[in-house]
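Beneath this line is the structure, given in structure tokens, with notes to follow.
The values are calculated or read from the model by the stated rules, or taken from the named source; none is laboratory data. Being a predicted model, the structure only gives us computed values, none of them experimental. Note that we place each Cβ from the backbone using ideal geometry, even for glycine, and neighbour counts take in every protein chain shown.
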Amino acid sequence: MSKLMIVAVVSALVGVFLGERLVALRRMTLASREVVPNHLPNCHHIKGLEYGSEDITVLPHGVAIISTGLKYPGMMSFSDAPGKMYTIDLYDQRMKPVELRIGRGFNLDSFNPHGISIYIDEKDHSVYVFVVNHPHGKSQVEIFRFVEEENSIVHLKTVQHELLHSVNDIVAVGTESFYATNDHYFANDFLKHLEPLFGQPWCNVVFYSPEEVKVVASGFYSANGINSSPDRRHIYVADVYDHKIVSLAVQENKELTPVKSVAVGSLCDNIEVDRNTGDLWLGCHPNGWKVAFYNPEDPPGCEVIQIQNIHLEKPAVNHVYTDNGSVIQGCSVASVYRNKLLIGTVFQKAVSCDLK
Ligand SMILES: *[C@@H]1O[C@H](CO)[C@@H](O)[C@H](O)[C@H]1NC(C)=O
């Protein structure tokens, strides 16, 4: 064979390999899916949240805690300013976000908050706020104590560990312990970008406590949102590229055993759990390709999915709200309190609606 022939054959093979990978990637990200809007009553934008509201979680007495301003590799961001945290009193009709003051001694300039979780100490009712933080692209977890009278949080501790290399979201299970998802397998930024091309279930969930840190579940294409059932006996993980929510049983030694998975047909991001009903509420990307390659003329849409009775043989998967990007783009979380639904996004606005 001439050298030219060899080059031609090798490039054809590489082309086929990459071509197949791209087809797989397009399937994983639901590249060309279009959505038909299905709205709810009384939806309006929450004024003051313009740079994303990646995660939203609501305290039992109706105070929502929100992380904003995320900068994440490969994702759009409309602001150069550091990330911030806000609260909203859901009993106040004005739905006004108030910035959470962060006590002295914490580096605000590099604050880049992502997934959040709250933990309420049963003994003294102290509220702890756990926040995934990516200062300068790093991956760590910050633990704060919430001082409600002052609308502030006091920094207690930064957790870093080699197993916590690409943390996306966390669920706190003690005052210093949590489960965390890694959304990538590689820690290196260049390899992270190539990783979706391999399309392999290499991601995991890590348990962290001051005494012990270990991988407790693996086999996820990209482990994103994580939360627990109200009785804390199950952990739910959103495998965003596999379009599934996985339910895992918590063992005595903190390891997680997969029980079942529920297909959702969308790229679901964060998981919120209604503490009264146990229903799962998911903020999902109907079209991940449009989130990754942002074009304001052809914006990503938004899908809110509710899973009822996840432990029964046939859980109900309800599409509660859908938008084609004209109202809200790239939604990452859906949080309910009484009949209110708050929808947050990776880099755009937030919306509040009434449930029917
Ligand atoms: C979204 O749907 C609305 C209402 O059906 C339509 O007017 C609008 O052009 C659509 N926008 C996009 C970006 O597809």
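Results, tabulated for the structure shown:
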quantity	calculated
Pair list, Cβ < 7 Å and 6+ apart or interchain, from the stretch 323-334 residues that are touching a residue at least 12 places away in the same chain (Cβ under 8 Å) and closer than 17 Å to F78 by Cβ to residues that are near the ligand (Cβ under 9 Å from one of its atoms) and part of a loop (DSSP other than H, G, I, E, B)	G325/P299; G325/G301; Q329/P299
One residue from L59, L70, L40, L49 being within 16 Å of the ligand (Cβ to nearest atom) and at pLDDT 95 or above	L40
Residues located in the stretch 314-351, provided they are of a type in the set (A, V, I, L, M) and either in a strand (DSSP E or B) or more than 16 Å from the ligand (Cβ to nearest atom) (or both)	A316, V317, V320, V333, A334, V336, L341, L342, I343, V346, A350, V351
Single unsatisfied condition, I305 versus (1) in contact with an Asp or Glu (Cβ under 9 Å, 6 or more places away or on another chain); (2) surrounded by 22 or more Cβ atoms within 10 Å (Cβ to Cβ); (3) not acidic (D, E)	(1)
Members of the stretch 297-313 found to be within 30 Å of E50 (Cα to Cα) and either among the polar types (S, T, N, Q) or part of a strand (DSSP E or B) (or both), listed by number	C302, E303, V304, I305, Q306, I307
Residue list for the stretch 308-356, restricted to those being hydroxyl-bearing (S, T, Y) and surrounded by 18 or more Cβ atoms within 10 Å (Cβ to Cβ)	Y321, T322, S332, S335, Y337, T345, S352
Test set (1) more than 30 Å from G199 (Cβ to Cβ); (2) touching a residue at least 40 places away in the same chain (Cβ under 8 Å); (3) within 17 Å of the chain's Cα centre (by Cα) - F78 fails condition number	(3)
Which numbered condition V291 misses (of (1) within 16 Å of the ligand (Cβ to nearest atom); (2) touching a helix residue (DSSP H, G or I) at 6+ places or on another chain (Cβ under 7 Å))	(2)
Residue ID - surrounded by the fewest Cβ atoms within 10 Å (Cβ to Cβ), chosen from residues in the stretch 18-39 that are charged (D, E, K, R) and over 14 Å from D242 (Cα atoms)	E34
Filtered residues of the stretch 81-97 (kept if under 24 Å from V141 (Cβ atoms) and surrounded by fewer than 19 Cβ atoms within 10 Å (Cβ to Cβ))	A81, P82
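Listed here are the residues, each with its yes/no results for (1) more than 16 Å from the ligand (Cβ to nearest atom); (2) among the acidic types (D, E); (3) closer than 22 Å to L163 by Cβ.
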{"position": "N227", "(1), (2), (3)": "yes, no, yes"}
{"position": "I235", "(1), (2), (3)": "yes, no, yes"}
{"position": "V264", "(1), (2), (3)": "yes, no, no"}
{"position": "N270", "(1), (2), (3)": "yes, no, yes"}
{"position": "N276", "(1), (2), (3)": "yes, no, no"}
{"position": "E297", "(1), (2), (3)": "no, yes, no"}
{"position": "Q306", "(1), (2), (3)": "yes, no, no"}
